[in-house]
Each structure stands twice: as C-alpha cells, then as structure tokens.
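The structure appears right after this line, and notes come after that.
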Amino acid sequence: MSSLLVWCALLQTLLLVTLRLGDCAIAVDANRTSALEEARLQRENLVRKYLKRLKKEEGALKLVGGRGDFEGNVEIFHAGKWGAICDDEWDQAEAEVVCRQLGFPGHVKPTHTGHFGRAKRKFWMDNLWCGGKEAELTDCRFDGWGANDCESGEAAGVICKQHDTDTTTTSKPVPVELKVPKERFGQRLELRLVGGRVEGEGRVEVRIVDGPGGAGPWGSVCGDSWGLLEGNVVCRQLNLGYANNAVQTDFFSDEADGKELPERILLSGTECYGNESTLADCLHDPIGWDTVAACSERKGHVAAVTCVPAMADLVFDHVEMEQSLHLEDRLMYLLQCAMEENCVATQAYEIQRDNPNWHLETRRLLKFTARVVNMGTADFRPHIPKHLWEWHLCHMHYHSMEVFATFDVIDGQGRKVAEGHKASFCLEDNQCLPGVEPRYACANYGDQGISVNCSDIYRHNIDCQWVDISELDFGEYTMRVAINPEFKVPEMRFDNNAATCRLLYTQTYARVFDCKHERP
C-alpha cells in the first residue's frame, strides 16, 4: 500500500512538471509571436514614416481637388512648403511629366484656369516648359521658384490615365476619362446679375423657366472653370455687351443687406465654346430638377461677371503668314539669346549639353511674320500691371504678356510634333489705318497695347518668331497659330484668334495654304 502511495506521488509530481513545462512552452511561443508582431508593426511604421517623408521631399508632387488621386490641380513641394503651379504655357508635355512622376501610365489631358478649384497656396512655378520626357517636373525650365504674376484662378491641373486594376487580362485599355459626359440644359434658363454696384456686374443667377412646376427658384452657378468664354455668353444673353471680367468670387454677396448667397447651386461644370446665344446652349454637368449641383469650392464661391459695351477684338492675319513663311538654317552660336528664352526645341539643349562643339551645329527654323489686327471698339491692353512687366535683355525692352501667341505643327494623328515657344511679348502699334495715330510703343518703358484699327507686327527676322523643325520629317502637316490662346485678355469674340493651315515641308522649301480662322 505504501509503495502504491509512493508511485502515485511520483506520477503526480511528474504530471505537474509536464504541465508546467507545457505552460512554459506556450508562454515562450506567445512571447515569440508577440515579438514577431511587434517587429512587423515596427517595420510597418518605419515604411509608413519613410513614405510620408518621401511625399515631402523637394520636388514632390500631389494632385488636389479631384475625385481621386488621378486628377486635380498640381501642387509641388519646395523649401518645406507646398505650392501651386500657374497654367501659363501649361500643355500636354507638362501633364505627361506630372502623371509619369506620380506613377501613372500617362495623361488624359491638362487642365487650366483652376478647373479643380482656385489655387489656395502660393504659386511656386510659372511659365513651365517641358519636352515631355523629363523624369521630374523640376527638370523642366521655368521662371524660377516663386517668380510669377498669376492669380488664384490660374491653377494648372491634370487628369491622368488610371492603372489597369484587372489582373486577369493584360490588354485591357486604360479608360479615357471616368466622367459623366456633359450635356446641354434641356429647359429654358432665365439669367440675372445680382449684388453688383452697377447694372452690368454681379454674380450670375439662373432659374428654369419651363420646368414641371413652372418657373423654379433662383440658383447660383458654380465657379469651377468659369472664364471669359462663359462670361461672354452671359453678357450677350442679357444684352449687356461683352465680358470684361469673368471671375469665381463671393464678392457680390448680399451680406451687407443681411442676406446670404443662395444655398442652391443650379449649374456646375459650365463649358461654352463662346458663340452660344444663351447659357442653356453651353455644356454643363448633368443635373435634375430637384438636384443640387456639385461644386468643388467652398460655399458662396460662385460665378460672376462684369459686362462692358466696348471691347477689343484681335484677328490674326494668316495671309501675311502665308506670304512670309520660309526656311532658314542658323548656327546655334547665333541662337544663344533665343536659347535663353526657350525658343528652340529640346534637342538643341541636349546638343549644347553633350557636344563641346555645339555652337557649330545648325537648327532648321520655320520663320514667318505674325500680324495681329485689333478690329474691335476698344484698345487691347495686357492684363499684367505695368510694374510686373519683365525686362528682357535679349530684346532690350519690357515684355507685358507671357503667352500672347503659340505656334504648333501637328501631324496626321493630331499629335504636336513641333512648337514655337516665345517666352514673352511686347505689344505696340506698328501699323495703323490712315487717320489713326499710334498710341502704344515698347521703347523707353512705354505703355503697351494695340489700338483700334492698328496692328502689332512680329516680323520673321525677330528672335523666336519661328518654329524649330530640325527633327521634323518631310511631309504634310497642320500648322496652327493662336493669339491670346488662354483667353486671359477679354475680347468681343475668340473664334477668329487662331489660324489653322496645311503645311507642306520639303527638303528645299516649306509653305502653308488653305488657312482658316477658328477658336484657339
């Protein structure tokens, strides 16, 4: 009996030891698991911290105001702060660089005039010029960090192609743009200007006249992408002349009278060609009778316009271009001044960088005279104040406009294969009709502009009055010259500001023909 008790005691002791060893093993496994989990979390935090820091490195980009990370106004990080980019000379080449830098397969289109809302930060970049193959936006040429004369409504943006998220297929095309198509308003719209100091100014309010319940309530128009094209349509519909200014603002509110802006935004995404008779004829984001339109800006930031009875109207003289266009091969040694103003193709700068005898190389230039006539009822004046004009040492005078004209050569697929780049322009009365005295001159810091019935002429022998076509193959193309292409200066109409011509380029000569006027 005693031996049995001893055996029982030994078994009990052995069982207790086994249980304790098991507990220890479980504890060791638990500790090991927690240690691994802690290490994993530390790695995640480190990666997250590193990625966060990467986003705030010099030259980093981000898109703001869009519906997703693939679209929005472009902001760039410099000197520890985010800043906006001005839309002067902003086109497909810059958009392509931005989208590739952000990791997207390419761009759908560049956007202008604060398409995704007004710029809320300082402008870091202005007059950007990219070739399209740069790795980062900071590799492009621009005026210098913070050097700009832009307003908050001139924010540049992009819509990028989205990645293919379907892993089962390899050839799925990238969607062109995931936006609901704009449409014309089905009902008749009544317009009025509210909050202005005089009859021809104020915020734009609209209402449906023939809706299901009769005339509907008054509502505002979203200020997104609102510009002179839309403003001209409003002034025309109200018989108030022409739009002198079309802004996105809450300046014309009725707060002084104890009234607030209407809560209802009736129209958004308004897009006019410029020759429509009424605002209802323009394109808008789809909206129903009882629906409030989406607007990216803050409450009260709505479309407004100022109308005037007299206005300038510029017309490009394509006959002068046809008669003066010719080829010239010029040594790069003689193009140094023009190269400082980005007036030659990107390949020329690569030659200058890589070839020690670059100054002996030649560039083929397509040169022509650009004559612009003011056929309106008021003088054409630059929108930049005189104290912001830039002195250009090459031309030895002040330039009052950054983008007054663009020169593009386009192939059969609609791709821009060459372009003329003029950094700035000086406007003056070079030639006037009999009886009209010239009033504007560039010399001696004079006032700049184009008087009624006078012409500003940039002759073919002036630097940058050309397109660098050195890398262009012989063949037929389309040449397009546009005046006031960004609609920054008001005019009566814009459908005579551009000339589109057929271009024949051979080994010995070039000529343009079949020109027609159209909108930029």
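Only one entry in Glu328, Glu341 is open to solvent by 50 Å² or more (accessible area, probe 1.4 Å) and either under 30 Å from the mean Cα position of the chain (by Cα) or among the charged types (D, E, K, R) (or both), namely Glu328.
Scanning the range 442-461 for residues that are open to solvent by less than 50 Å² (accessible area, probe 1.4 Å) and out of contact with any strand residue (DSSP E or B) (no Cβ under 8 Å at 6 or more places or on another chain) yields one hit, Gly446. Selection over the range 450-466 of residues that are under 25 Å from Cys337 (Cα atoms) and assigned to a loop (DSSP other than H, G, I, E, B) gives a count of 7. Across the range 499-519, not a single residue is classified as part of a loop (DSSP other than H, G, I, E, B), polar (S, T, N, Q), surrounded by 15 or more Cβ atoms within 10 Å (Cβ to Cβ) and in the same structural domain as Leu325 (by the TED database). Could you check how many residues of the range 192-227 are touching a strand residue (DSSP E or B) at 6+ places or on another chain (Cβ under 8 Å), among the aliphatic types (A, V, I, L, M) and open to solvent by 20 Å² or more (accessible area, probe 1.4 Å)? Final tally of qualifying residues: 4. Only strands (runs of 3 or more DSSP E) whose full extent lies in the range 158-274 are considered here, and the ones with at least 2 residues that are at pLDDT 75 or above and closer than 24 Å to Val64 by Cβ are 219-221, 242-249, 265-267.
Residue pairs whose Cβ atoms lie under 7 Å apart, separated by 6 or more positions or on different chains, with the first residue in the range 130-144 and touching a residue at least 24 places away in the same chain (Cβ under 8 Å) and the second open to solvent by 50 Å² or more (accessible area, probe 1.4 Å) and in a loop (DSSP other than H, G, I, E, B), do not occur. If the requirement is being part of a helix (DSSP H, G or I) and touching a strand residue (DSSP E or B) at 6+ places or on another chain (Cβ under 9 Å), which of these qualifies: Ala348, Ala312, Ala378, Ala303? After ruling out the rest, the residue left standing is Ala348. Pairs are defined by a Cβ separation below 6 Å, a sequence spacing of at least 6 or placement on different chains, a first member in the range 502-520 that is of a type in the set (D, E, K, R), and a second member that is assigned to a loop (DSSP other than H, G, I, E, B); the pairs so defined are Arg519/Phe494; Arg519/Asp495. Applying the selection to the range 389-411, what residues are part of a loop (DSSP other than H, G, I, E, B), touching a strand residue (DSSP E or B) at 6+ places or on another chain (Cβ under 6 Å) and within 23 Å of Phe316 (Cα to Cα)? Those that are part of a loop (DSSP other than H, G, I, E, B), touching a strand residue (DSSP E or B) at 6+ places or on another chain (Cβ under 6 Å) and within 23 Å of Phe316 (Cα to Cα): Phe404, Asp411. Looking at Cys426, Cys432, just one residue is more than 30 Å from the chain's Cα centre (by Cα), hydrophobic (A, V, I, L, M, F, W, C) and open to solvent by less than 50 Å² (accessible area, probe 1.4 Å), and that residue is Cys432. Inside the range 366-383, residues that are at pLDDT 95 or above, closer than 30 Å to Gln507 by Cβ and of a type in the set (A, V, I, L, M, F, W, C) make up a count of 2. For Asp290, indicate whether it is at pLDDT 80 or above, acidic (Asp, Glu) and either more than 20 Å from Phe487 (Cα to Cα) or not assigned by the TED database to the domain that holds Met375 (or both). No.
Within the range 141-157, being open to solvent by less than 10 Å² (accessible area, probe 1.4 Å) and either closer than 24 Å to Leu388 by Cα or assigned by the TED database to the domain that holds Glu402 (or both) holds for Ala155, Ala156. Within the range 275-285, the residues that satisfy the criterion of being surrounded by 15 or more Cβ atoms within 10 Å (Cβ to Cβ) and not in a helix (DSSP H, G or I) are Glu276, Thr278, Cys282, Leu283, His284, Asp285.
The values are calculated or read from the model by the stated rules, or taken from the named source; none is laboratory data. The model shown is predicted, which means the values in this text are computed figures rather than measured ones. No Cβ is skipped: glycine too gets one built from the backbone with ideal geometry, and neighbour counts run over all protein chains shown. To get the accessible areas, we keep the full protein, side chains included, count just its heavy atoms, and leave off ligands, DNA and RNA. Shrake-Rupley method; radii C 1.70, N 1.55, O 1.52, S 1.80 Å.
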